[in-house]
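Colleague: Supplied in structure tokens, the structure appears directly below.
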Amino acid sequence: MQLRRESTKEEEKWCQPCFIFGDSLIDNGNNNNLPSLAKANYFPYGIDFDGGPTGRFSNGYTMVDVIAELLGLPLIPAYSEASGDQMRYGVNYASAAAGILDITGRNFVSRIPFNQQISNFENTLDQITDILGAPDAARALAKCIFFVGMGSNDYLNNYLMSTYPSRSQYNAPQYADLLVQQYSQQLNRLYNLGARKFVISGLGLMGCIPSILAQNSNGICSEEVNQLLIPFNTNTKAMINNLSANLPGSKFSYIDIRKMFQDLLANARSYGFDVVNSGCCGIGRNAGQITCLPFQTPCADRNQYIFWDAFHPTEAVNKLFGQRAFSGSKDFVYPMNIEQLANL
């Protein structure tokens, strides 16, 4: 990213970070020290990551790791580990089992919901403001990328679970309305804290993940689950259009993960993937819990698998999606890709 004006040396240290909010798809260790069932800080997670297990729910990189490197940044530190100069390139607040709704993910005990992630960002912002002063902090923040990937757990670990009342209280469109109304308020909160450049990741084909496939005797994607998510993605796109029109100076990129997965599953062989319906380290404990068992031996040919475990993609898929989100066409990320957003 190129700066549009001269900046002080101190401010330039802070002018282009990436702040990340989300769930286990992009968590990089914030749950490690929580009393949570949603953890990935043990082998075989991280088997292909330099340094081994970190808390990433992958054999290697997550999608935001790929995007950070394409932005010319180092890997963004987890909030649980970041302080002082470590924050100069940004902070990752994502937490496995987290949702838009505070109640989401309670079946995993501790997690950091989106509202609390924003509160954690406020703590970071206080530190940045102490270093730069309010005016310079605001100018620096306006150049930062704010990546948000929320909503998966509001379905997998809320609406689709019998232990939650949501499904008896709301039909699919009503639940999507509830989620996106809350989502809009949360993004407004980030805007009011100084965020201007937003990357919003939609929901993929969760009816095709191994944990759902394992519940179907025929082993094919659940069209019911895939259809359930459509109102959320539709509402999210409408929300982005509304926020763009009503928040001065705001810019948004929407990553259409659903389309990316549709393309990937339809053309898996051409992308080099031979296994599309099972995880590299199997289903694990059961379809309702995080999957790779400690020290479980995963598959050897990981680059040929779409899914690493019962819920999460392999590093190979994360690299494909991250590169496409960064520089891809409007078929997959719009109205602009992340590279274009960064250069504004």
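The values are calculated or read from the model by the stated rules, or taken from the named source; none is laboratory data. As the structure is a prediction and not an experimental result, all values here were calculated from the model. With ideal geometry, Cβ positions are generated from the backbone for all residues, glycine too; neighbour counts draw on all protein chains shown.
Colleague: Of the residues in the stretch 108-149, how many are surrounded by fewer than 20 Cβ atoms within 10 Å (Cβ to Cβ), over 16 Å from residue 190 (Cα atoms) and among the charged types (D, E, K, R)?
Modeller: Total meeting the criteria: 2.
Rundown of residues vs (1) hydroxyl-bearing (Ser, Thr, Tyr); (2) within 19 Å of the chain's Cα centre (by Cα); (3) on the phi > 0 side of the Ramachandran plot, yes/no style:
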residue: 124; (1), (2), (3): yes, no, no
residue: 144; (1), (2), (3): no, yes, no
residue: 155; (1), (2), (3): yes, yes, no
residue: 158; (1), (2), (3): no, yes, no
residue: 179; (1), (2), (3): no, yes, no
residue: 199; (1), (2), (3): no, yes, no
residue: 204; (1), (2), (3): no, yes, no
residue: 218; (1), (2), (3): no, no, no
residue: 224; (1), (2), (3): no, no, no
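Colleague: Take the residues in the stretch 200-223 that are assigned to a helix (DSSP H, G or I) and modelled with pLDDT under 95; name whichever of them is nearest to residue 176 (Cα to Cα).
Modeller: 212
Colleague: Sticking with this one: Please determine whether any residue of the stretch 121-144 is without any contact (Cβ under 8 Å) to a residue 40 or more places away in the chain and among the aliphatic types (A, V, I, L, M).
Modeller: yes
For (1) out of contact with any Leu (no Cβ under 6 Å at 6 or more places or on another chain); (2) charged (D, E, K, R); (3) at pLDDT below 95; (4) over 26 Å from residue 172 (Cα atoms), each residue gets a yes or a no:
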{"position": "237", "(1), (2), (3), (4)": "yes, yes, no, no"}
{"position": "247", "(1), (2), (3), (4)": "yes, no, no, yes"}
{"position": "259", "(1), (2), (3), (4)": "yes, yes, no, no"}
{"position": "266", "(1), (2), (3), (4)": "yes, no, no, yes"}
{"position": "279", "(1), (2), (3), (4)": "yes, no, yes, yes"}
{"position": "282", "(1), (2), (3), (4)": "yes, no, yes, yes"}
{"position": "301", "(1), (2), (3), (4)": "yes, yes, no, yes"}
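Colleague: Still on this structure, please answer the following. For residue 105, only one of the following conditions fails: (1) of a type outside the set (Ser, Thr, Tyr); (2) buried (at least 21 other Cβ atoms within 10 Å of the Cβ); (3) more than 20 Å from residue 193 (Cβ to Cβ); (4) out of contact with any Lys or Arg (no Cβ under 7 Å at 6 or more places or on another chain). What is its number?
Modeller: (4)
Colleague: Just for helices (runs of 4 or more DSSP H) wholly inside the stretch 229-333: which have at least 3 residues that are crowded, with 20+ Cβ neighbours inside 10 Å and touching a Pro at 6+ places or on another chain (Cβ under 8 Å)?
Modeller: Filter on the stretch 229-333 gives an empty set.
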